[in-house]
Every structure is written in C-alpha cells, then in structure tokens.
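Trainee: Attaching a single structure in structure tokens format; questions to follow.
The values are calculated or read from the model by the stated rules, or taken from the named source; none is laboratory data. Predicted model only: the values in this text are computed from it and were never measured. Every residue, glycine among them, receives a Cβ derived from its backbone with ideal geometry; neighbour counts consider all protein chains shown. The protein model used for the area step is the full one, side chains on, heavy atoms only, and it has no ligands, DNA or RNA in it. Shrake-Rupley method; radii C 1.70, N 1.55, O 1.52, S 1.80 Å.
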Amino acid sequence: MSTRRSRSRQSGSARITDDQINELVSKLQQLLPEMHNRRSDKRSAAKVLQETCNYIRSLHREVDDLSERLSELLANTDTTQAALIRSLLTQ
Amino acid sequence: MTTTHPKNPTTHPKNPTTNPSSVIRTRFAVRFLHAMKKLNKKTPPSRRYHTIRAAACASMASAVGPRRAWSRAILRKIRARTLHDHLIHKSRNHRLITRRKSAGLRGNPRDQEEVGFRQEDDLRGLVPGGEGMGFCRLLSETAHYIKCLRAQVQVMTNILDHYSSS
C-alpha cells in the first residue's frame, strides 16, 4: 500500500509524462474561442497558455462589465426578486 | 439553460464538477440573486459595483464547492478576509493575518524542468490558488475555471436582460 501511494504521488507531481501534458493542453485549446476551430493544427503549448491567459482576462473583463451594468440598473429599478428567481429557474 | 453544453449531455458520475452542469449554474444564480437582494437593502450606491463583483466571484466559488482547488482558494480567501475584518474590528490584531498571508503565497515550486513557460506564471496569477499547484493540476483547474467563468457570464447576462426588459 505504501509503495502504491508513493508511486501515485510520483506520477502526480514529478513524473508527468508529455502525453499527459499534451492531453491537458489540447483540452484547454478546445476551450479557447480563437483556437478550437483549428484543432488539427498543432499549436505550441506556450502559445495555448498565452491564449488561455488572454481568454481568462477577457472573461474577467466581461464579468466586471456585467457587474457594472447590474449595479447601475439596480440603482434605478425597484425589482421583485421572487419573480425574477422563479423566471430564471424555470427557463 | 442546459442547451449551451450539447457536448456534455451527462455529467460524469464520479466527478460531477468536471463540467459546470446546470446544477452549478442554478446554484450560482440563486446565490448571486440572494446577494443582490441583500445588497439592495443596505449597500450604499458607491459600494454597489464592488459588492456585486465580489458577490459574483463568491457565489461561483460557493456554487462549485470545495471540490475544486480554485474554488477552495476563493472560499479560503473570503474566510480569511472575514476573519481579518473580525479581528481588526475586535482587537486590531494584525499579526496572525500577515503571517498567514505570507506563508500561503508561494507553494511548491514548479515540479518539472521541461515545461518552464513564461506564460505559466502568468496563468498562475489568473487562476485562483494557482500559485501552489503542480503544472498538470494547474491545467485541469484552468479548464474548469474557464467553463465556470463562461457560465457566470451567461447567467449574469440573463439576469441583466431580465432586469432590462422588465
């Protein structure tokens, strides 16, 4: 049992195979809006990571923007929350 | 709402948080709307944006729960901040907090030598809790985090549309 544990720990941290990394990188690549269409062409991992960072930043900006607009809207409207929740959950 | 993920009709039974299912989406919506409801009552208009932004982040982490490293990192941060406020308020004792913060900053360094991307550090700064992760962990957490951010954007857009139309 102890050998199994130590082996799994090794594979978890130190012995990461290139295959594992390639698989994870290609999974990430498929999530990127600009890259998932070109699945056939093999991008370098560094390029995928770069695009991933850009995408996360753009999503953060989108949430910033939505928060901004929601706070402005909240200031102007008096809303019935119960109806809103109900309508969203039944969508 | 679930129609946006046609590729994942079923969630994996062993790991339900692999993809942000409609369950997480709904959980996020409920938590976020609850936070907005509270905000309506007692938050001054000048603090509204910050409160909503923080609520979006906290609601998402809470919807995912402690099963993911990135959501754990956010939840831990919130808890530390609450504790911080509490201690400041009570006794102005900063020492415990500063020590904890510096200890958590840099976890284990990079495990592999062959993947020393400059972009990796960039990514660690963007994914919550990314500083302490191994490289493979960082990649899989990033994938999940991106899916959740998308779900977050979608739900918030729905809410905004609803508000605007009503």
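Trainee: Sequence-distant or interchain residues sharing an amide H contact under 5 Å with residue B:21, placed H: which?
Mentor: Answer set, sorted by chain and number: none.
Trainee: Taking 0.36 nm per residue of sequence separation and subtracting the Cα-Cα distance, how much length would be gained by fully extending the chain between residue A:20 and residue A:47, in nm to one decimal?
Mentor: 8.0 nm
Trainee: For peptide A:17-29, compute the average count of partner chain beta-carbon atoms within 10 Å of each residue's beta-carbon. Can you show the working numbers first?
Mentor: Details: counts 1, 3, 0, 4, 6, 0, 3, 8, 3, 0, 4, 6, 1.
Counting other chains' Cβ atoms within 10 Å and averaging over A:17-29 gives 3.
Trainee: Spelling out what I want: for every residue of segment B:59-69, take phi, set θ = phi - 60°, compute 6.51 cos²θ - 1.76 cosθ + 1.60 (Karplus), and round to whole Hz; glycine and proline get x.
Mentor: 5, 5, 4, 5, 5, 6, x, x, 7, 10, 5
Trainee: Still on this structure: How large is ³J(HN,Hα) for each residue in segment B:142-155, as worked out from phi by the Karplus curve 6.51 cos²θ - 1.76 cosθ + 1.60 (θ = phi - 60°), to whole Hz, x for Gly and Pro?
Mentor: These are the phi-based 3J(HN,Hα) values: 4, 4, 5, 4, 5, 4, 5, 4, 4, 4, 4, 4, 5, 5 Hz.
Trainee: Can you pull out the buried accessible area for chains B and A, both sides counted, probe 1.4 Å, rounded to the nearest 100 Å²?
Mentor: Buried area (both sides, nearest 100 Å²): 4500 Å².
Trainee: Whenever you get a sec, line up B:51, B:43, A:52 from highest to lowest accessible area (probe 1.4 Å, protein heavy atoms).
Mentor: Listed by decreasing accessible area, they come as B:51, B:43, A:52.
Trainee: While we're looking at this one, here's another question. Would you kindly derive the ³J(HN,Hα) couplings of segment A:63-68 from the backbone phi angles with the Karplus curve 6.51 cos²θ - 1.76 cosθ + 1.60 (θ = phi - 60°), listing them in order in whole Hz, with x for Gly and Pro?
Mentor: 5, 4, 5, 5, 4, 4
Trainee: Right, here's the next one. Mind checking the mean number of beta-carbon atoms from other chains within 10 Å of the Cβ atoms in A:56-68?
Mentor: 6
Trainee: Per-residue mean of other chain beta-carbon atoms within 10 angstrom of the beta-carbon, peptide B:134-145?
Mentor: Partner-chain Cβ atoms within 10 Å, mean over residues of B:134-145: 5.
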